[in-house]
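What follows is a short report on a single structure.
The values are calculated or read from the model by the stated rules, or taken from the named source; none is laboratory data. Predicted model, so just to flag it, every value in this text is computed and none were measured. Here the Cβ is made from the backbone with ideal geometry for all residues, glycine too, and neighbour counts use every protein chain on show. Areas reflect the complete protein model, heavy atoms only, side chains present, ligands, DNA and RNA absent. Shrake-Rupley method; radii C 1.70, N 1.55, O 1.52, S 1.80 Å.
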Amino acid sequence: MTNMQTPHAQTADHQALLRGTPTQLFVNGEFVDAQAGATFDVVNPATGEVLCSVADASPADGRTALDAAVAAQADFAATTPLQRHRILLRAFELLMERQDELGLLMTLEMGKPLAEAKGEIAYAAEFFRHFAGEALRIDGGFQSSPQGGARFLITKQPVGPCLLITPWNFPMAMGTRKLGPALAAGCTSVLKPAHQTPLSMLALAQILQEAGVPDGVVNIIPAMDAGAVMEPLIRSGEARKLSFTGSTKVGKVLLEQCAEKVLRTSMELGGNAPFLVFEDADLDEAVAGCMQAKMRNMGEACTSANRIYVHSSLIDDFGARLAKRMGDLTVGDGALEGSQVGPLIDEAAQSKVDGLVRDARDHGARVLVGGDVPEGEGYFYPPTVLQGVAREARMQAEEIFGPVAALTPFDTEDEAVEAANDTRFGLVAYVFTNDLRRAIRVAERIEAGMIGLNQGVVSNPYAPFGGMKESGLGREGGSVGIEEFLETKYIGIAMG
Ligand code: NAP
């Protein structure tokens, strides 16, 4: 039985917040209408209500935005690291000062519960604080040529204007994870947020302006037809880099487009995370870790535990405990006090999750809790635990992107590792065991860019985030994150 709260209509507070949020494109330091005057609606996924209309960029608006970024590049590259450091630190402070209202704005457009949305604002802000520091640490090198007669001077320079494309599931953090290093490195940019969640990035534009980002350095262009707007910008070659977070399917299309002018690329793509619980794991810790790895963002995270493999001696106990905790969660409008699980992003997401669950049941999975789309408005799906999910079930190969835990038993370590690696993705994996040797052995054998060892969350601005295989190219965050926005230049100096 799912605990459901009834969604409610917008309050006066929500309306005031929305009235104060920019809804125009942010181009060359100004909020402007789309040139053709087009707009699109932003919908609250908890209620299906239209929150507001936002300017809808056309290819011509994209061109104007890129022109602004190109024009601003040389001056911005010439700013000192300390100037860029101060801008980023100020933006960090402003984000934290406005954490509550920005959190609510995110909940309204994306659906996640208010506490999680505020947590994301803090996480997003931390990228700015981190990269404020990295701006001061851009380094180089000097050495004597080993053959003699010359010196090597190695310097780093900004790659140039960047195109940044972000998804809807972390509307603020996926933006700051790109803008932080771009600004720190001295790159200008044009950012296109997902059409479902443009408001967080537009609110951020206001903050960046207040923090002292010069005109044209950051441009934000919400658009309904992402492909039509972005493809000519990518193919123009005037931007020198594309940083994309989204699905592997779209990432592959963009990689092809980038090939034409050989743009630098960073690709944070889809995941299909395995979650392994060995017979020597601490069961309480494993269940708690699974709740985090599964339920963060209602399961709508690239890092979500998608395939949960539990040693056959533990699986009944693990399944019962997980089902109890999942069933105890309160589902409802994220803006309502007490809601722990918000709606999915839209109707398509809700019916996709429903289809995957039906398919797993048809392949013999047992429903321990949840499993049915609730009646009423909003795109809700109940926390669900399925036990005995067959390898042939579609959810073993596809991202579920919803609050559904798919449990499958295993007997040996080899079997678990083979199952974990049996995917074209390689973003993250979770391993629960108290045997140190096994922990290291398994972590080394798993083909993923990140491993959570006895922990259910790996995301941290100070650590390198990214995947192997079809989960992407490059890393964001950590000390390597800024390198993605820097070119290394070698100057050979004759000394003879
Ligand atoms: P998506 O459909 O690939 O969209 C991502 C972004 O790309 C959106 O801004 C979208 O714009 C834009 N887009 C779509 N088609 C495009 C095209 N032809 N040209 C240029 N831009 C285009 O993914 P999503 O459904 O929003 O996000 C979920 C996916 O992101 C999942 O696969 C998840 O695993 C992945 N993700 C990965 C990470 C990571 O760090 N690895 C983090 C978060 C999410 P519109 O929405 O306006 O069409």
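For the chain, the longest principal axis of the C-alpha atoms and the axis of helix 173-185 are separated by about 20°. Between the amide H of residue 4 and those of 331, distances stay under 5 Å, these residues lying 5 or more places away or on another chain, with hydrogens modeled in the peptide plane.
Which shape class applies to the stretch 369-491: rounded if a/c is under 1.5, otherwise prolate when a/b exceeds b/c and oblate if not, where a ≥ b ≥ c are the square roots of the Cα gyration tensor eigenvalues? Oblate shape, in that a/c is at least 1.5 and b/c is the bigger or equal ratio. Each Lys and Arg adds +1 at its Cβ and each Asp and Glu adds -1 at its Cβ; summed about the Cα centre, the chain shows a dipole of about 1520 debye. When the Cα positions of 51, 401, 166 are compared along the charge dipole of the chain, 166 comes out farthest toward the positive end, with charges on each C-beta of Lys, Arg, Asp and Glu.
Full extension of the segment from residue 75 to residue 436, taken as 0.36 nm per residue of separation minus the current Cα-Cα distance, would add 124.8 nm.
Note that the stretch 410-422 has calculated 3J(HN,Hα) couplings of 9, 10, 10, 4, 4, 4, 5, 5, 4, 5, 4, 8, 7 Hz, one per residue in order, obtained from phi through the Karplus relation 6.51 cos²θ - 1.76 cosθ + 1.60 (θ = phi - 60°); glycine and proline are x. Remark: the stretch 149-228 carries 20 Å² of accessible area per residue (probe radius 1.4 Å; ligands, DNA and RNA excluded). Backbone geometry of the stretch 136-143 corresponds, through the Karplus equation with coefficients 6.51, -1.76 and 1.60 at θ = phi - 60°, to 3J(HN,Hα) couplings of 7, 10, 5, 10, x, x, 8, 8 Hz, x marking Gly and Pro.
Model label points for residue 460 and residue 443, set 7 angstrom from Cα along the Cα-to-Cβ axis, are 1.1 nm apart.
Our note on the geometry: Cα centres of the stretch 341-414 and the stretch 265-317, 14 Å apart.
Take the stretch 33-107 with all the other protein chains still there, run a 1.4 Å probe, and you get 42 Å² of accessible area per residue.
Solvent-accessible area of the chain (1.4 angstrom probe, protein heavy atoms only): carbon and sulfur portion equals 51 percent. Helix content alone sets the calculated 222 nm mean residue ellipticity of the chain: runs of n ≥ 4 DSSP H residues at -39500 (n - 2.57) each, divided across all residues, give -12000 deg cm²/dmol.
Report the one residue of 79, 208, 153 whose Cα lies farthest in the direction of the positive end of the charge dipole of the chain (charges on C-beta: Lys and Arg +1, Asp and Glu -1; origin at the Cα centre). Sorting the options by dipole projection puts first 153. Take the stretch 370-439 with all the other protein chains still there, run a 1.4 Å probe, and you get 39 Å² of accessible area per residue.
Computed from backbone phi, the HN-Hα couplings of the stretch 444-450 come to 6, 7, 7, 8, 8, x, 9 Hz, rounded to whole numbers (Karplus: 6.51 cos²θ - 1.76 cosθ + 1.60, θ = phi - 60°; Gly and Pro given as x). Residues whose amide H lies under 5 Å from that of residue 156, counting only those 5 or more places away or on a different chain, are 489; hydrogens are built 1.01 Å from N in the peptide plane. Once backbone amide H atoms are built at 1.01 Å from N, residue 213 has no partners under 5 Å, excluding neighbours fewer than 5 places away on the same chain.
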